[in-house]
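Student: Pasting a structure below so you can have a look.
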Amino acid sequence: MSALIIVCAAALACYALRFGCVLALAYWSVPPSLEQAVRFVAPASIGALLGTTVATQLPAIGTAEALARLGAFCIAGVVGARTRNAVTAIAVGMPTLWALTWIS
Amino acid sequence: MAAIELIDVGAGLMVVVGTVLVVSARLALPAAALGTHWRDAPPRWRAMAAAFIVEPLYVVVAKRYEDEGTAAEKRKFYEGAAAVLWLGWVTSTAVGILVGGHVPKAFALDAMMPLSLIGLLLPMLRDRRSVVAAAVGMVAACVLAAAPNGSGVVLASVLGVVGASVWRDRR
């Protein structure tokens, strides 16, 4: 079977999953408690993605570099919390990482 | 990426589709969340909009859906955010393919992913329950990082939502 057909089928399945959820919530009423829980989807999803990324990246590099990254993430976190701006967090985090990596 | 790796080793259609569904299961939560806001949207619009649902887009539009405004205005906002994200996604991917191999490893560009997520996450932590959702999701994802096909992200996201809901109920 050609790779193109497999890729198309996979893309279709991924789309069907999303559209299916959109349709399901459009036609079925959900309890108010569940509807309120929707508010926590964004922080929980991004937190989970962040946890997975950090947990897979850090063990794959050396201790010194891992510590440099953790330091840069913390500093970017403080800056991001103060400015509430993702671009500023990256703009401060990357040079901090390079500096900490160079020092270590 | 999982699909490409499987195709590369000669996996069959059902294996690839099944894996893609498991990896993409995490998108079910944002899709369901947006579905609650799109009940009155035209069916054709919902069908188009569903194609663009990814976590970063949901993060951008979720706050807009909590704010004041008509449903039509919010749909326009979604369309704009989806267009910007899609164009940025395709452009960045093309640039990455063309230039990525020439960037020295010392630049540690892979660190931009967690930094971007940190930047996206922090403005969302508006109250204690949001912090609980993010913290539970993050810790659970670290514990479940070795789960097959990225299923740990799905489970960790669900645990984060449940954790925040339980926290609310106890207060």
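The values are calculated or read from the model by the stated rules, or taken from the named source; none is laboratory data. Predicted model only: the values in this text are computed from it and were never measured. Because the Cβ atoms are built from the backbone with ideal geometry, glycine has one as well, and the counts that use them run over all protein chains shown. These accessible areas exclude ligands, DNA and RNA; they are computed on the full protein's heavy atoms, side chains included. Shrake-Rupley method; radii C 1.70, N 1.55, O 1.52, S 1.80 Å.
Student: Once you have a ≥ b ≥ c as the square roots of the Cα gyration tensor eigenvalues for chain B, tell me rounded if a/c is under 1.5, and otherwise prolate or oblate according to whether a/b is larger than b/c.
Tutor: It comes out rounded by the Cα gyration axes.
Student: Can I ask one more? State, in square angstrom and to the nearest 100, the accessible area buried between chains B and A, both chains counted, probe radius 1.4 Å.
Tutor: The summed interface area works out to 5600 Å².
Student: Next question, about the same structure. Skip the ligands, DNA and RNA, and give the accessible area per residue of region A:8-104 with a 1.4 Å probe, whole Å². Don't skip to the answer; put the middle values down first.
Tutor: Values: 4840 Å² over 97 residues.
Solvent-accessible surface per residue comes out at 50 Å².
Student: Using only helices, what value at 222 nm comes out for chain B when you add -39,500 (n - 2.57) per DSSP H run of length 4 or more and divide by the total residues, to the nearest 500 deg cm²/dmol?
Tutor: Result for chain B: -23500 deg cm²/dmol, rounded to the nearest 500.
Student: Let me ask you something else. May I ask which residue of B:LEU21, B:LEU125, B:CYS142 lies farthest towards the positive end of the charge dipole of region B:1-155, with charges of +1 (Lys, Arg) and -1 (Asp, Glu) on Cβ and the Cα centre as origin?
Tutor: In region B:1-155, that residue is B:LEU125.
Student: Top mean-square fluctuation among B:VAL84, B:VAL158, B:VAL131, Gaussian network model of chain B, C-alpha springs under 10 Å?
Tutor: With Cα springs under 10 Å in chain B, the top fluctuation among B:VAL84, B:VAL158, B:VAL131 is at B:VAL84.
Student: Could you size up the charge dipole of the protein assembly as shown around its Cα centre, putting +1 on the beta carbon of Lys and Arg and -1 on that of Asp and Glu, and report it in debye to the nearest 20?
Tutor: On the way: 21 positive and 14 negative charges, 131 e Å.
The dipole of the protein assembly as shown has a size of about 620 debye.
Student: Kyte-Doolittle cut-off -1.0, length cut-off 27 Å along the helix's own axis using Cα: show which whole DSSP H helices in chain A pass.
Tutor: A:3-27, A:63-83
Student: Quick one: dipole size for chain B, taken about the Cα centre, charges +1 on Lys/Arg Cβ and -1 on Asp/Glu Cβ, in debye to the nearest 20.
Tutor: The calculation lands at about 500 debye.
Student: A follow-up question, please. How much area per residue is accessible in region B:1-98 when the probe is 1.4 Å and only protein heavy atoms are counted (Å²)? Kindly include the intermediate steps, with their values, before the conclusion.
Tutor: Working: 5460 Å² over 98 residues.
In whole numbers, region B:1-98 has 56 Å² accessible per residue.
Student: Could I ask something else about it? Please compute the contact order of region B:1-115 in relative form: average sequence separation of alpha-carbon pairs under 8 Å and at least six residues apart, divided by the residue count, as a percent.
Tutor: 18
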